[in-house]
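Below: the structure, in structure tokens.
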Amino acid sequence: MGTGYVKLKLVRSSIGRPRKHRDVLRGMGLTKLNKVVVLKDTPETRGMIKKVSHLVEVIE
């Protein structure tokens with residue numbers, strides 16, 4: 001994984017979370033627990049990570 005990318009893992013469930021949080025997770029491709037996705041490191045992605053930071057883990 002080169003520079004300019006960020007790896008995310010869903011560590012907490014979206015059940016019982018606000019609709020916006022679930023939509024953000026779905027937009028990032030995180031649909032199941034412990035799923036890992038690689039996304040481009042853009043300001044938009046950073047904002048999405050900040051919104052659901054309590055549900056995801058950034059893997060370095």
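Laboratory data are not the source of any read-out in this text; all were calculated from the coordinates shown. Since the structure is predicted, the reported quantities are computational estimates derived from the model, not experimental observations. As a convention, Cβ positions derive from the backbone with ideal geometry for all residues, glycine included, and neighbour counts pool all protein chains shown.
Placing R0 at 22 angstrom, the Cβ-Cβ distance between Lys35 and Val58 gives a FRET efficiency of 0.95 after rounding to 0.05. Its DSSP H runs of at least 4 residues, each contributing -39,500 (n - 2.57), put the calculated 222 nm mean residue ellipticity of the chain at -9000 deg cm²/dmol, to the nearest 500. Only lysine pairs 8 or more places apart, or on different chains, with alpha-carbon atoms under 17 angstrom apart are counted in the chain, and they number 15.
Once the chain from Arg46 to Thr3 is taken as fully extended at 0.36 nm per residue, the excess over their C-alpha distance is 14.0 nm.
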